[in-house]
Amino acid sequence: MYKYLLLISFFCSQFICYSQKLDTLIIESVFVKELRKINIWTPKDYLLNEEKYPVVYLLDGGIKEDFPHVQETIQKLIDENKIPPVILVGIENTNRRRDFTGVTTSSKDKKLIPHYGGSEQFRLFLQEELIYFIQKHYRANNERTIMGESLAGLFIIETFFTHPEIFKNYIAYDPSLWWNKSFLVKESLNKISKLNYKGEKLWFAGSSTKDIQKNTRLLEQKLNNIPSSSFTWVYSDEPKEKHNTIFQACKEKSLIWTLNNN
């Protein structure tokens with residue numbers, strides 16, 4: 001793993017020399033067994049100081065996906081002093097349905113997504129390869145945020161309930177919690193009770209989409225039944241939003257709450 005990462009670091013350095021704001025690189029992943037394109041945006045003052053920055057990891061983070069509008073929003077919020085400067089890392093998709101789903105016993109799920117179940121390998125790619133690379137080659141501190149919508153939101157909630165130590169902050173818009181007969185929602189309290197949270201933050205939102213709204217509201221109820229916890233969370237109920245509008249409607253308030261030490 002480290003050998004090819006060092007080779008990639010040379011490739012990446014060519015972009016760093018000529019671009020102050022956006023680098024694009026390719027990582028050959030051992031865990032997902034393919035080449036993955038990564039987009040990395042650094043804030044205006046990155047080259048003017050030696051500070052370390054928080055990092056926001058964006059799923060569906062291709063240039064033709066969510067990266068451009070999220071980058072614009074982050075720049076706007078930084079300029080308005082509503083969030084601290086951050087590095088934005090976008091992970092472009094190859095097969096998002098495979099990468100963002102775990103196991104399932106549902107025949108309906110299997111028919112909808114025949115090539116499912118790659119979330120654990122994708123999580124290893126993030127943790128062991130991508131985060132390692134960013135920490136080594138960029139001035140990144142240990143405050144990591146992950147954000148995404150729909151199936152990406154499912155992956156984010158799954159990670160929060162299985163490996164919360166990977167990120168400090170979790171943002172999920174309209175997570176597809178119906179996956180595997182709503183297993184993550186049903187088992188949420190049991191999973192939380194077995195993990196050692198250390199001040200992580202979870203922000204999630206649900207639109208008017210029926211199968212999503214039902215599960216996000218149920219997850220809110222379950223989290224409300226925790227007598228005390230070592231993480232903080234917010235649920236944003238958005239009945240006026242649809243599945244294709246909720247990200248745009250909520251991204252500013254989710255980033256402001258998440259990236260400030262409130």
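The values are calculated or read from the model by the stated rules, or taken from the named source; none is laboratory data. Please read all numbers here as calculations on a predicted model, not as lab measurements. Neighbour counts are summed over all protein chains in view; Cβ atoms, including those assigned to glycine, are modelled from backbone coordinates with ideal geometry. For the accessible areas, the whole protein counts, side chains as well, though only heavy atoms, and no ligand, DNA or RNA atoms are used. Shrake-Rupley method; radii C 1.70, N 1.55, O 1.52, S 1.80 Å.
Taking the Cα centre of the chain as origin, sum charge times position over the Cβ atoms of Lys and Arg (+1) and Asp and Glu (-1), and report the length of that vector in debye to the nearest 20.
Around 680 debye, computed over the chain.
Determine the per residue accessible area of the range 147-262 with all protein chains present and a 1.4 angstrom probe, expressed in square angstrom.
On a per-residue basis, the range 147-262 sits at 43 Å².
With Cβ to Cβ distances under 14 Å as the rule, what net charge do the other residues near ALA140 carry (K, R +1; D, E -1)?
Local charge sum for ALA140: +1.
Given the C-alpha centroids of the range 44-114 and the range 187-237, what is the distance between them in whole angstrom?
After rounding, the separation between the Cα centres reads 21 Å.
Rounded to the nearest 5, what is the percent of antiparallel bridges among the DSSP beta bridges in the chain?
Percentage antiparallel, nearest 5: 30.
What lysines could a cross-link reach from LYS201, if we take a straight Cα to Cα line under 20 Å and drop same-chain neighbours fewer than 8 places away?
The reachable lysines, counting only those whose Cα sits under 20 Å from LYS201, are LYS82, LYS168, LYS191, LYS222, LYS251, LYS253.
Compute, for LEU22, the solvent-accessible surface of its heavy atoms (probe 1.4 Å) with the complete set of protein chains present, and express it in square angstrom to the nearest 10.
That residue has around 70 Å² of solvent-accessible surface.
Among ILE157, VAL234, LEU218, whose Cα sits farthest toward the positive end of the charge dipole of the range 157-262 (+1 at Cβ of Lys/Arg, -1 at Cβ of Asp/Glu, about the Cα centre)?
LEU218
Only one of the values (i) -0.48, -1.26, -1.42; (ii) -0.64, -1.27, -1.35; (iii) -0.56, -1.15, -1.24 was calculated from this structure for log10 I(q)/I(0) by the Debye sum over Cα atoms at q = 0.10, 0.16, 0.17 Å⁻¹; name its label.
It is the value labelled (i).
Using a 1.4 Å probe on the protein heavy atoms only, what accessible surface does ASP23 show? Give it in Å² to the nearest 10.
The value for ASP23 is about 10 Å².
Please give every one of the aspartates and glutamates within straight-line cross-link reach of LYS64, meaning a C-alpha to C-alpha distance under 16 Å, and leave out same-chain neighbours fewer than 8 residues apart.
Excluding near neighbours in sequence, the set is ASP23, GLU72, GLU92, GLU149.
Sorting check: for 77-90, 158-171, which peptide has the highest mean count of neighbouring beta carbons within 10 Å, and how do the rest follow?
158-171, 77-90
Would you list, by chain and number, the lysines whose Cα falls below 17 Å from the Cα of LYS110, excluding same-chain residues fewer than 8 positions away?
LYS181
When the accessible area of the range 37-121 is computed with all protein chains present and a 1.4 Å probe, what percentage of it is carbon and sulfur?
It is 53 percent, rounded to a whole number.
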